[in-house]
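Step one of this worksheet: look at the structure below.
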Amino acid sequence: MIRVRGLHKHYKVHERPPGLAAALRSVFRRRYKTIAAVDGIDFDIADGERVGFLGPNGAGKTTTLKVLAGLLHPTSGEVSVDGHEPRRRQDAFLKRIMLVLGQKQQLLWDLPPSETFELNRAVYDVPRVQYKETLDELTQLLQLGELVGKPTRTLSLGERMKCELAAALIHRPKVLFLDEPTIGLDVSMQATVRDFVARYNERSGATLILTSHNMDDVARLCPRVIVIDRGKLVYDGTLAELVTRIRPDKRVVLRFSRSVDAADLAALGKVVRHDAGESVLQVSKEAVNAVVSRALAHLPVSDLTVENPPLEEVMSELFARSQARRVAEAAS
Amino acid sequence: MRYLNLLGSQLRASLLLAMQYRADFLLDGLVEVLWMATAIVPLFVVFQARPTVAGWRFGEALIVMGWFTFLQGVLEGAINPSLASVVEHIRKGTLDFVLIKPADAQFLVSTARFLPWRAINVGTAMVIFAWGFRLLGRAPARRDVAVAAVTTVVAVVVLYSLWILTVSAAFYVVRIDNLSFFFNAIFDAARWPISVFRGAVRFVFTFVVPLALMTTYPAQALLGTLPATTLLAAIAGAALAFTVARVVWNASIARYTSAGG
């Protein structure tokens, strides 16, 4: 479905030194430097797969996404999506894909979303019958109801995102590119958007590529993740394996019926948090069983759960490691 | 056929938008009528002092004025609003949504927005034509009207191409407000027949920013004084301008780097 080999995308940017004098100089004589936003990436994505692109800000995730969608021309490398070369932007290719950008919107601001839907119907040449079917289905799945008839500018951010999704799906695309689709949304709206995307993928078998800083999005939607840092691919595999590799430890969360001394806990494992009623221990995977039975035997435990470390922590550790590696490389 | 449908849908959205803002319509119309009235004042002043200016009688100069009014309507009603929205798209990075659509991007942005109320200019132009021909004491010949229709197409194509070139500049400099002010200021000179201008200015207004092609030639056509060779040259010029604009637009799109992210 998607095949990427040796993808590079370089930008030439104008170096702007600080200070007025330097700024004045740069008006007459500019210094440019080349930045490798994407620096040699290879991967394949199969039909119907759900993949998350992860990485810190400016890592090259969105650039890669935009190259796949045909918006940016790669500097070099080979990219094929659904048998097409995206940069050629052929109609047959564009009719198969969709793009939702959480920070930008395509809905016509002063008109109701239904007008954007209608316009997209015309642009994508969707037959009336199919259009009505799709719209009914989307209205039901996203619970759009009366939203589609209100001017877009009067909708809340979450309502707008639901309508953005509907507008982008009118032509029943086979490849979905979602860039930060839950950014700025409240927790329940985030969940609505995630559930909708997951269900759409199950129903339509569409391939999904997602970039997000929201780890809940990734955990819910993407069994496979591709981690990009400074334009390079640093991990490609399942989310579960990434977590075990970076943080093999488990978290044992204990709730007590009466307060417990911190010293008693320290004997069991590393104390991550210790409040009046709840404590969190970091324990190696092998030791989990022993720790759990000891805690149950010796402490007033009212409730106990074993969890993975939060994904946010896993990610920040991953990025911190690659940062450290770079520093070490630069020093040697 | 598909593009006609698409044009219909885009027009529909513009109409809906225009109807949402009725107050704008009234204000726009009022301002426009005032502008037209003041625009004719300099003609009055000049022609009161002398019967002809650069070989043009008052009635004939009014025909040029009529074309100017008409084209200003086209510029402000059909060309300017769409292309101004491109600049906004580029600045905000929402051009992504245009480029991702399976239709010609230039067509999509060019038809994105119309101000239907600007049709007022067409009406005003007709009144000015009628007035001019009344002063001249005759009506335009049928053949001349047909030639004028051709020159109208030529004028609109040239105007459109110039705007596409201006907008393409936005890919490189992002803020083109100044460029568009500059363009509007120059376009203002199109209310005068080209023979009013001399030397370098005349050359610029004929070949670089072909104002002659936009108002003087259509007026000459309607008056029946446009040489056939000039007509053919104008058609060729318009075709060239359109092609150049298309090539530059495509090159600009390829350079597009998108904003944010």
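Considering the stretch B:16-30 alone, what residues qualify as being open to solvent by 70 Å² or more (accessible area, probe 1.4 Å) and either in a helix (DSSP H, G or I) or in contact with a helix residue (DSSP H, G or I) (Cβ under 9 Å, 6 or more places away or on another chain) (or both)? Answer for the stretch B:16-30, where residues must be open to solvent by 70 Å² or more (accessible area, probe 1.4 Å) and either in a helix (DSSP H, G or I) or in contact with a helix residue (DSSP H, G or I) (Cβ under 9 Å, 6 or more places away or on another chain) (or both): B:Met19, B:Gln20, B:Arg22, B:Ala23, B:Asp24, B:Leu26, B:Leu27, B:Leu30.
Yes/no matrix, rows are residues, columns are (1) in contact with a helix residue (DSSP H, G or I) (Cβ under 7 Å, 6 or more places away or on another chain); (2) within 28 Å of A:Pro56 (Cβ to Cβ):
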| site | (1), (2) |
| --- | --- |
| A:Thr207 | no, yes |
| A:Val218 | yes, yes |
| A:Asp236 | no, yes |
| A:Ala262 | no, no |
| A:His274 | yes, no |
| A:Ser284 | no, yes |
| A:Pro300 | no, no |
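Within the stretch B:111-135, if we keep just the residues that are within 14 Å of chain A (Cβ to nearest Cβ) and not hydrophobic (A, V, I, L, M, F, W, C), the residue that is most open to solvent (accessible area, probe 1.4 Å) turns out to be B:Arg113. When A:Val4 is tested against (1) outside any helix (DSSP H, G or I); (2) hydrophobic (A, V, I, L, M, F, W, C); (3) open to solvent by 40 Å² or more (accessible area, probe 1.4 Å), just one condition goes unmet, and that condition is (3).
Within the set B:Gly59, B:Gly8, B:Gly77, the sole residue that is within 30 Å of B:Leu136 (Cα to Cα) and either away from chain A (no Cβ under 14 Å) or within 22 Å of the chain's Cα centre (by Cα) (or both) turns out to be B:Gly59. In the stretch B:3-15, the qualifying residues are those that are free of Cβ contacts under 8 Å to residues at least 12 places away in the same chain and open to solvent by less than 60 Å² (accessible area, probe 1.4 Å), and the one that is farthest from B:Arg191 (Cα to Cα) is B:Ser9.
Which of the residues spanning the stretch A:14-34 are open to solvent by less than 50 Å² (accessible area, probe 1.4 Å) and within 14 Å of chain B (Cβ to nearest Cβ)? Answer for the stretch A:14-34, where residues must be open to solvent by less than 50 Å² (accessible area, probe 1.4 Å) and within 14 Å of chain B (Cβ to nearest Cβ): just A:His14. Screening the stretch B:81-110 for residues that are open to solvent by 30 Å² or more (accessible area, probe 1.4 Å) and part of a helix (DSSP H, G or I) and picking the one that is farthest from the other protein chains (Cβ to nearest Cβ) gives B:Ala84. The conditions of being in contact with a His (Cβ under 9 Å, 6 or more places away or on another chain) and among the hydrophobic types (A, V, I, L, M, F, W, C) are met by B:Leu95. Among all positions in the stretch B:163-179, there is at least one residue which is in a helix (DSSP H, G or I), away from chain A (no Cβ under 14 Å) and under 30 Å from B:Ala54 (Cα atoms). Among the residues of the stretch B:183-200, those that are surrounded by 13 or more Cβ atoms within 10 Å (Cβ to Cβ) and assigned to a helix (DSSP H, G or I) comprise B:Phe183, B:Asn184, B:Ile186, B:Phe187, B:Asp188, B:Ala189, B:Ala190, B:Arg191, B:Ile194, B:Ser195, B:Val196. When you look at A:Val218, is it in a helix (DSSP H, G or I), at pLDDT 90 or above, among the hydrophobic types (A, V, I, L, M, F, W, C) and within 30 Å of A:Gly77 (Cα to Cα), yes or no? Yes. Considering every residue within the stretch A:74-82, establish whether at least one is open to solvent by 10 Å² or more (accessible area, probe 1.4 Å), within 17 Å of B:Leu99 (Cβ to Cβ), among the aliphatic types (A, V, I, L, M) and more than 11 Å from chain B (Cβ to nearest Cβ). The answer is yes, given that some residue of the stretch A:74-82 is open to solvent by 10 Å² or more (accessible area, probe 1.4 Å), within 17 Å of B:Leu99 (Cβ to Cβ), among the aliphatic types (A, V, I, L, M) and more than 11 Å from chain B (Cβ to nearest Cβ). Annotation note: of A:Glu164, A:Glu146, the sole residue that is in the same structural domain as A:Tyr200 (by TED's automatic domain parsing) and free of Cβ contacts under 8 Å to residues at least 24 places away in the same chain is A:Glu146. Output the number of residues of the stretch A:93-128 satisfying the condition of being outside any helix (DSSP H, G or I) and more than 10 Å from chain B (Cβ to nearest Cβ). Looking only at that region, the number is 2. Quick one: count up the residues across the stretch A:35-62 that are buried (at least 23 other Cβ atoms within 10 Å of the Cβ), in a loop (DSSP other than H, G, I, E, B) and of a type in the set (A, V, I, L, M). Here the count works out to 1.
Pairing each residue of the stretch B:215-227 that is modelled with pLDDT under 95 with any residue that is small (Gly, Ala, Ser) and not in a helix (DSSP H, G or I), provided the two are 6+ apart or on different chains, yields C-beta distances under 6 Å for B:Gly224/B:Ala141. Against the test of being over 30 Å from A:His213 (Cβ atoms) and touching a residue at least 24 places away in the same chain (Cβ under 8 Å), the options A:Leu242, A:Leu311, A:Leu304 yield a single qualifying residue, A:Leu304. Collect the residues in the stretch B:11-20 that are more than 7 Å from every other protein chain (Cβ to nearest Cβ) and either polar (S, T, N, Q) or closer than 13 Å to B:Leu115 by Cβ (or both), keeping them in residue-number order. B:Leu11, B:Ser14, B:Leu15, B:Ala18, B:Met19, listed by residue number. Among the candidates B:Thr38, B:Thr69, the residue that is away from chain A (no Cβ under 14 Å), crowded, with 19+ Cβ neighbours inside 10 Å and either in contact with a Ser or Thr (Cβ under 6 Å, 6 or more places away or on another chain) or part of a helix (DSSP H, G or I) (or both) is uniquely B:Thr69.
The values are calculated or read from the model by the stated rules, or taken from the named source; none is laboratory data. This structure is a prediction, so every number in the text was calculated from the model and none was measured. Positions of Cβ are generated from backbone atoms using ideal geometry, with glycine treated the same way; all protein chains shown enter the neighbour counts. Note: accessible area is taken over every heavy atom of the protein model, side chains too, but ligands, DNA and RNA are not part of it. Shrake-Rupley method; radii C 1.70, N 1.55, O 1.52, S 1.80 Å.
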